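S.K.: The structure that follows is given in the form of structure tokens.
The values are calculated or read from the model by the stated rules, or taken from the named source; none is laboratory data. Keep in mind that what you see is a predicted model, and the values were worked out from it rather than measured. A quick note on method: Cβ atoms are made from the backbone with ideal geometry, for glycine too, and the neighbour counts reach across all protein chains shown.
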Amino acid sequence: MSAVTFRSGFACLVGRPNAGKSTLTNALVGQKVAITSMRPQTTRHTVRGIVHRADAQLVLVDTPGLHRPRTLLGERLNDLVKGTLAEVDVVGFCLPSDQKVGPGDTFIAAELEAIATGRHARPVVAIATKADLVGRARLAEHLVQIDALGPWADVVPVSATSGYQVDVLTDVLVSHLPEGPALYPDGELTDEPESVMVAELVREAALEGVRDELPHSLAVVVDEIVPRGTADREGIPLLDVRVNLFVERDSQKAIVIGKGGARLREVGTQARREIEALLGARVFLDLHVRVAKDWQRDPKQLGRLGF
């Protein structure tokens, strides 16, 4: 009896901003490893989520949305995506089912067609995300439009929120991986440093319910994560977590803080709950909002903020 073939490798999810990439990453992994928001350009870093199976290990690379950049930050985010595409085994192209195929999708499709047909071709799987938000007729129409965009290896409709065909998509992505051993220890879900994950959780909380202008102007940096050396009554360790939130203007600082500091307290409460689940500790979260004028266009400030 022949041994079961084990496959392992990297898959990159790409698409225009707010196409459902981060939510899909979390659904495939089965746990939150990428922040999500209704605001475009939420993702700022590539986040690796690891899917463990008896016959495979699929490492998902979640990227910022490809877009026509208007700032130096936008250019660097696009470069990050293109650099990632050159290093993966299979690409997943996400197109939201509740929106028509538009110029942004066509722009990305042209980039991916070169990857699918080039000298070092890699398979591109087209993914119709948010399939639960439309009826069957609309979904069928959307799938036909997607199929016409390029030479895709497969076209798969999914819903990350309802779980529709998430397992099917996993099977499809795994089928395009090379044979090889596991790349990460069993049970490990991401290789992101804890400080990056904490910063992303704070930024996700800060983006909830704010004006459209803020997501592009908000950066979060963890100053320190320091154990207190003691535990609570239940034996759970205590941590001090100090975080700086950077915006570009005083008016944006006022938005984040809110009247009498109410908004910042809400951000702290929401973020602390998620951070405690991530770190397995009681967290004392200290948030500070600072102004870094026009940081998206300043190379020196971009470097200091981790871009």
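S.K.: Tell me, which residue of region 213-231 that is at pLDDT below 80 and out of contact with any Pro (no Cβ under 9 Å at 6 or more places or on another chain) is surrounded by the most Cβ atoms within 10 Å (Cβ to Cβ)?
M.R.: Here the answer is Ser217.
S.K.: Is there any pair linking a residue in region 242-260 that is in contact (Cβ under 8 Å) with a residue 24 or more places away in the chain to one that is of a type in the set (Ser, Thr, Tyr), with Cβ under 9 Å and at least six apart or on different chains, and which?
M.R.: Phe246/Ser217; Val247/Ser217; Glu248/Ser217; Arg249/Ser217; Gln252/Ser217
S.K.: Restricting the search to region 238-257, which residues are of a type in the set (D, E, K, R) and over 11 Å from His288 (Cα atoms)? Walk me through how you get there before you give the answer.
M.R.: Pass one, region 238-257, residues of a type in the set (D, E, K, R): 240, 242, 248-250, 253.
Answer for region 238-257, where residues must be of a type in the set (D, E, K, R) and over 11 Å from His288 (Cα atoms): Asp240, Glu248, Arg249, Asp250.
S.K.: Out of the residues in region 150-181 that are small (Gly, Ala, Ser) and over 21 Å from the mean Cα position of the chain (by Cα), which is farthest from Pro123 (Cα to Cα)? Full working, then the answer.
M.R.: We begin by selecting, within region 150-181, every residue small (Gly, Ala, Ser); these are 150, 153, 159-160, 162-163, 175, 180.
Okay, now just the ones that are also over 21 Å from the mean Cα position of the chain (by Cα), so 150, 153, 175, 180.
Values: Gly150: 11, Ala153: 6, Ser175: 10, Gly180: 18 Å.
Going through the qualifying residues, I end up with Gly180.
S.K.: Quick one: which of Val91, Val156, Val144 is loosely packed, with under 14 Cβ neighbours inside 10 Å and either of a type in the set (Val, Ile, Thr) or at positive phi (or both)? Spell out how you get there, then give the answer.
M.R.: Working: Val91 fails: loosely packed, with under 14 Cβ neighbours inside 10 Å; Val156 fails: loosely packed, with under 14 Cβ neighbours inside 10 Å.
Sole residue among the options that is loosely packed, with under 14 Cβ neighbours inside 10 Å and either of a type in the set (Val, Ile, Thr) or at positive phi (or both): Val144.
S.K.: Determine, yes or no, whether Gly280 is on the phi > 0 side of the Ramachandran plot and in contact with a strand residue (DSSP E or B) (Cβ under 9 Å, 6 or more places away or on another chain). Spell out how you get there, then give the answer.
M.R.: Numbers: on the phi > 0 side of the Ramachandran plot: yes; in contact with a strand residue (DSSP E or B) (Cβ under 9 Å, 6 or more places away or on another chain): yes.
The answer is yes for Gly280.
S.K.: Of everything in region 48-68 that's within 15 Å of Leu28 (Cβ to Cβ) and in a loop (DSSP other than H, G, I, E, B), which residue is modelled with the highest pLDDT?
M.R.: Arg53
S.K.: Among residues belonging to region 69-106 that are at pLDDT 85 or above and small (Gly, Ala, Ser), point out the one that is nearest to Trp295 (Cα to Cα).
M.R.: Among those that are at pLDDT 85 or above and small (Gly, Ala, Ser), it is Gly104.
S.K.: Here's another thing I want to ask about it. Can you name every residue in region 123-133 that is buried (at least 19 other Cβ atoms within 10 Å of the Cβ) and without any contact (Cβ under 8 Å) to a residue 40 or more places away in the chain?
M.R.: Val124, Ala126, Ala128, Ala131
S.K.: Scanning region 17-47 for residues that are under 10 Å from the mean Cα position of the chain (by Cα) and among the aliphatic types (A, V, I, L, M), which turns out modelled with the highest pLDDT?
M.R.: Leu24
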